[in-house]
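Here is the structure we will look at.
The values are calculated or read from the model by the stated rules, or taken from the named source; none is laboratory data. A quick note: this is a predicted structure, and the numbers were derived from the prediction, not measured. Because the Cβ atoms are built from the backbone with ideal geometry, glycine has one as well, and the counts that use them run over all protein chains shown. The protein model used for the area step is the full one, side chains on, heavy atoms only, and it has no ligands, DNA or RNA in it. Shrake-Rupley method; radii C 1.70, N 1.55, O 1.52, S 1.80 Å.
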There are 2 protein chains.
Amino acid sequence: MAELSRRRFLGSLAGAGVAGAGLAVAGTSIAAAAPAAPAAPVVAFQGEHQAGISTDVQNQLAFAAFDVTTPDRDDLVSMLQSWTTAAAAMAQGAPVPGSSATPDVPPADSGEADGLTPSRLTMTIGFGPSMFDDRFGLASRRPAALQPLPALPGELLDGSRSNGDIAVQACADDPQVAFHAIRSLARLGRGTVVNRWTQLGFGRTSTTGAGQSTPRNLMGFKDGTRNIRGDDTAALDQHVWVGNGADQAWMRGGTYLVARRIRMFVENWDRDYLSDQQEVFGRTKSAGAPLTGTAEFDTPDFGATGPDGTPVIADNAHIRLAAFENNNGLRILRRGYSFNDGIDPTTGDLEAGLFFISFQSDPATFVTLQRKLGSSDALNEYIQHVASGLFACPPGVTRNGDYWGSGLFEA
Amino acid sequence: MAELSRRRFLGSLAGAGVAGAGLAVAGTSIAAAAPAAPAAPVVAFQGEHQAGISTDVQNQLAFAAFDVTTPDRDDLVSMLQSWTTAAAAMAQGAPVPGSSATPDVPPADSGEADGLTPSRLTMTIGFGPSMFDDRFGLASRRPAALQPLPALPGELLDGSRSNGDIAVQACADDPQVAFHAIRSLARLGRGTVVNRWTQLGFGRTSTTGAGQSTPRNLMGFKDGTRNIRGDDTAALDQHVWVGNGADQAWMRGGTYLVARRIRMFVENWDRDYLSDQQEVFGRTKSAGAPLTGTAEFDTPDFGATGPDGTPVIADNAHIRLAAFENNNGLRILRRGYSFNDGIDPTTGDLEAGLFFISFQSDPATFVTLQRKLGSSDALNEYIQHVASGLFACPPGVTRNGDYWGSGLFEA
């Protein structure tokens, strides 16, 4: 991608050269080329909403879930304060605050991101249902919507990779920057939290940016064509951000994060015919067009039938079952990543798939969609949900001195 | 990195603008900025030596080891031929050859790299000692140097992540491109080989390119400062490529690949004082300078002593023990990557470290160095070698129709 952007950019300059124009024109040419160039490397940490949700999806993921081990609420708040300070610094490409040059203390920053760009790092925090038990006096602050996800069709969940008291999604265009973020929080949390599970993701499978091309998942299909865009304020307000009517004031401007580790049986998928693969998704593989259209962004025609009277987009096609038109307008913002965690030692098959992340103003939306998909989706022959988590993401930090989740902990 | 390159590039243009120069000067400025820009996205597949060894290190790794399951030598050769054809295509950014548009067959290419750039993909093959047993009539072709690595000090090896009949190192700047390469070979090999283990790496820890900055490992230190450079033909000939005097003609122009999965106990490391960390490596953390110098590429002065008469670079410092000056001139070409494979569920500690890869004309060089490092290196308090592999890499494919390892299999 970097090479391509630079090539385009050089191309635009060369064009200006042919026109015999001076530097002012070259300047114009630079501006014209800007939309195709990489986005700015810093994403603002502060804001009404947390970064990493409507932010254009970065290329790499490091996700961590933690369990709180301290019984002391003050320790927990103190850790969240230090996490917030560190996250704000790292988003700027700065090290974790504190001395990293004093000989007789451990360096405040572990150092592996030193010299790397900020790489659009975002860190997004969420609290799991288990945080609202009797340990920290938060039971009365629990949103009614924050219940453990119910059992869903077809899932086979590994508890050791599921749930957790706190989750942090770190996304960046450089994987070492994303890893550094998670490692730094784990380190700052030592004695207060313990890492429950982590997941690296290496290829985004969704896009939220109008200028981003739709990436392909490990089944080779474009995914996320109809995702909510990060600049679609109306859709975000309607489907993603918790509104002012929320039962818990601290969640206003927040959202709910659902994580699902979805194993793909890629070896089986790779033996399936192209025509069947396309029927499973309801899209063409190469262009990503709905089977009723010719281009990726054509609107699917779910009523279209073929010469024999059967639907062109099958009744159990993934895009039919997931489409908002067929789900009373329900939409979620997806932000998943591909993963590969080695092989299944019993078969030699790749332990690979999609680490699905979605954000929605009500977890019930995900549950409704997944009940339907989990029971009927033609994809189910090739996938299985193997881990799960639900986390309530508070709104963003809007001023220095504030911290992640302050609305939950402060009176 | 992409942002930085682009920023530098824009900066150089802005400088030309201040000078009031026309486009011809802007063009000069572009040329001057070129060395800092990303390398061309295609690495030639054919060559005297395999690509991926002296090639400037790419940002991402997907490594796979396979065991041969067929008893039939012809099947094995046929697979190597199909792998070679596929690897040559993928290096160009082309799909695995064959139809991916015929409805009633499985697509020849799985598709997840469709639309991505070639990303400097290289694939490098090697054969393990186990290939030279009595299955395929190769016993007489076994190089004397290709013996299983001896037990080495301090290691605690997981056999399920070690060794294998065949290994393939796929490196690329895009992780999905590297994954696609390994997945495609596994698919083509179905029925002939089974995946024994795989390893993803996300941050290069070495550099072989003169224009590449030295990256940091997960201990936050610059590693590979004194690595063999990819353009140092004399050093490559002396230390990396197997020469014409080899006992097995098929290995001339080849090399030996050693892979070591090195777990880093990063939580312990992070609690160590800066001064101690620097003494362990023998370098400063921030600049990467030897403790006897001020800049990264200063030559270490292993004879220097402090006011109290003790060596400035400690007797057990990593760079002292590894230096060619202290090992009769022995050198290896390193090409390792950082990894993080989740957490150790018993402790919550990060299962992270360095996937070490080295190339050398004789595996005995690695053994000699590691015997010394494994018994004396101050780093050993913070690391452990937990998996291992040795593979004989044949020379490169130099003409169409030839295949990986043809010299081994042909009379």
How many angstrom lie between the C-alpha centres of region B:101-127 and region B:168-227?
-> 17
Amide proton proximity set for A:Trp197, modelled H, under 5 Å, gap of 5+ | A:Ala65
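So how do A:161-174, B:129-142, A:224-237, B:82-95 stack up, highest first, on mean other-Cβ count within 10 Å? Spell out each step's value before the answer.
Numbers: A:161-174: 25.6, B:129-142: 15.4, A:224-237: 17.6, B:82-95: 20.0.
Top of the packing list down: A:161-174, B:82-95, A:224-237, B:129-142.
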Probe 1.4 Å, protein heavy atoms only: B and A together bury a total accessible area in Å², to the nearest 100, of 6100
Label spacing, shortest first and in nm, from B:Asp298 to its equivalents in the remaining copies (7 angstrom along Cα→Cβ) = 6.7
What is the list of residues in region B:214-243 whose amide nitrogen lies under 19 Å from a point 7 angstrom out from the Cα of B:Ala304, following Cα to Cβ?
-> B:222-227
Roughly how many whole Å is it from the C-alpha centroid of region A:295-329 to that of region A:336-372?
-> 23
Calculate the spin-label point distance for B:Glu381 paired with A:Ala295, positioning each point 7 Å from the Cα along the beta-carbon direction, and give it in nanometres.
-> 6.4
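What does the charge count around B:Ala387 come to, taking other residues whose C-beta lies under 13 Å from its C-beta (Lys +1, Arg +1, Asp -1, Glu -1)? Don't jump to the answer; show the numbers that get you there.
On the way: positive: B:Arg161, B:Arg196, B:Arg260, B:Arg261, B:Arg263; negative: B:Glu155, B:Asp158, B:Asp341, B:Glu351.
With Lys, Arg at +1 and Asp, Glu at -1, the neighbours total +1.
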Straight-line reach from B:Lys222: which aspartates and glutamates have Cα under 13 Å away, leaving out those fewer than 8 places along the same chain?
-> A:Glu112, A:Asp114, B:Glu296
222 nm [θ] for chain B, helices only, -39500 (n - 2.57) per DSSP H run of 4+, per residue, to 500?
-> -7500 deg cm²/dmol
Let me know the whole percent of all Cα-Cα pairs from region B:275-411 that are separated by more than 27 Å.
-> 38
Mean accessible surface per residue for chain A, computed with a 1.4 Å probe while every protein chain stays in place, in Å² = 37
Env charge @ B:Thr207, Cβ radius under 13 Å, K,R +1 / D,E -1, value +2
Under 5 Å, built H, 5+ apart or other chain: amide partners of B:Thr255 = B:Val242, B:Cys393
Partner shielding of B:340-352, as the mean number of partner chain Cβ atoms within 10 Å, equals 5
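Give me the net charge of A:Gln248's neighbourhood, meaning all other residues with Cβ under 11 Å from the Cβ of A:Gln248; Lys, Arg count +1, Asp, Glu -1. Walk me through the numbers on the way to the answer.
Details: positive: A:Arg141, A:Arg142, A:Arg252; negative: A:Asp247.
Once all neighbours under 11 Å are counted, the net charge is +2.
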